[in-house]
Each structure stands twice: as C-alpha cells, then as structure tokens.
1. Return an integer: the convex hull volume of the alpha-carbon atoms of segment 122-217, in Å³ per residue.
2. How much of the pair distance distribution for segment 47-140 lies past 23 Å, counting alpha-carbon pairs only, in percent?
3. Any chance you could tell me what percent of the C-alpha pair distances in the chain go past 27 Å?
4. Too long at a 21 Å Cα-Cα cut-off: which of Lys30/Lys84; Lys119/Lys187; Lys9/Lys103; Lys103/Lys147?
5. Would you look at the GNM of the chain, springs on alpha carbons closer than 10 Å, and say which of Arg45, Arg154, Arg31 moves the most?
6. Taking the solvent-accessible surface of protein heavy atoms with a 1.4 Å probe, what is the per residue accessible area of the chain in Å²?
7. In whole Å, how far is the Cα centre of segment 111-128 from that of segment 62-89?
8. Go ahead and set up a Gaussian network model of the chain, Cα springs under 10 Å, then flag whichever of Gln77, Gln46, Gln131 fluctuates most.
Amino acid sequence: MVARIKFTKLGSAKFIGHLDLLRYFQKAFKRAKLDLAYSQGYNPRQITTFASPLGVGLTSEGEYLDLTLNSSDSPEQMIERINKVMADNIQVVGYTILPDDSKNAMSVVAAADYIVSLKDGYDFISNKEFQEKFEAFYKQEDIKIIKKTKKSEREMDLKPLIYEFGFPKEDLCLYLRLATGSVNNIKAELVMETFCDYIGVPYNAFAFGIHRLEVYA
C-alpha cells in the first residue's frame, strides 16, 4: 500500500537540501518502526517519492511524499508515531492511504502557491509602486525569458505559467500560483528575478523570503 504524507518544512529546516531531507525521512520512518516496503535487489531501499522537491532556503507548509508500506495503522496513529521522532520544524500534518491505481505524487503535480515577502533590512521600491509595477509586468502580451538547464537553454513565455497573483495586506508581499511539475516547473525566484529586470532594479536573491503554501495535483 502507498501512503501520501503531507508535511511542513519551517524555520531552520529551510537550509536542508532535498537529498538530506530524503535521508532524514528514511531514518525517521525507521525510528518510528513503520512496516516499510523495500525495493528488490542487492541494495534494498525504502520506496519513497517526493511530489515537488523544495529549493534550499524556502519554507513550506504544504509538502508531500509517497511512502510504500506493508501495513498501516489509522492516519491519526501514524501521524503521531512519525511526529514523535521528528524535529519541530518538520512535522507531518496529513496522512492518506491511496487507491491501488493512484499515480505517484511527482507525476500528478500541476501547480503550487507561494508567498514572496521582503525580508527585514533590505530596501526595495514602495509597496504601492510594487503593486502597480507588478500588475503592469503581468499585463504585457508575453513575458519572454531564457530558461537555462544543465544541458541547454531555451526561450519561453513565462506569462501562461503564472496562473494567479495577488497582494496580501502585508507590505511588499506577493501571492503567486505557478505551474509546477515535470512538464512545466516555474520557481517563484525566477518570477521575481524577471520582474526586477523589467523594472530595472538589481535582483537580490537574499532580499526575498519565499514560502510555499500548497501543492496541487
């Protein structure tokens, strides 16, 4: 059976990279004495799939992973067992047994919600100017960028991949719903870098705090 686990990654946990987070969960599941299923072969491994790995430096209250088990207690009992061996900044908040024909978490991800905010001690344009200029930025006919990967680079239009945006009440705070997944995967950092280029302000990656709210199938 496969269980889909929802968890948070907050505070200092944002500095843990994806591979270290994977190893952390593998050890936690062992400490919780879950009835784990393992892959076959000479080097058996826990069968675990993350929905959409979170970048280093980002926090989240809506991360997901799929875990294959031989048996399971009730969702409430499983959450309690796992959280007893977890650090406070990484906590399981949801646990669901999936139907046998379900696709894995990574293959069904389609979008994610983010909050981008200016960190204390950094200067930027005023909140009013920020909102006006971001609306103008989005109203362009297209938002062409060069997206680089390890193997190549290509021109693409960012605009269709920004599904929604808004401005929460806090100063210099931006809500984004972005395309996420194996086909189209746009990071909030890329949106902010492109916006800063549009308004002629140098992009400082350390100036913005990025928090993921939720991931959607």
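The values are calculated or read from the model by the stated rules, or taken from the named source; none is laboratory data. Keep in mind it's a predicted model, so treat the numbers as computed, not measured. Don't worry about glycine lacking a Cβ; one is built from the backbone with ideal geometry, like all the others, and counts go over all protein chains shown. Accessible surface is based on the protein model in full, side chains and every heavy atom, while ligands, DNA and RNA are left aside. Shrake-Rupley method; radii C 1.70, N 1.55, O 1.52, S 1.80 Å.
1. Value for segment 122-217: 119 Å³ per residue.
2. 48 percent
3. Result: 40 percent of Cα pairs exceed 27 Å.
4. Result: Lys9/Lys103; Lys103/Lys147 exceed 21 Å.
5. Highest fluctuation of the listed residues: Arg154.
6. Value for the chain: 57 Å² per residue.
7. Each part reduced to its Cα centre gives a spacing of 33 Å.
8. Answer for the Gaussian network model of the chain: Gln77.
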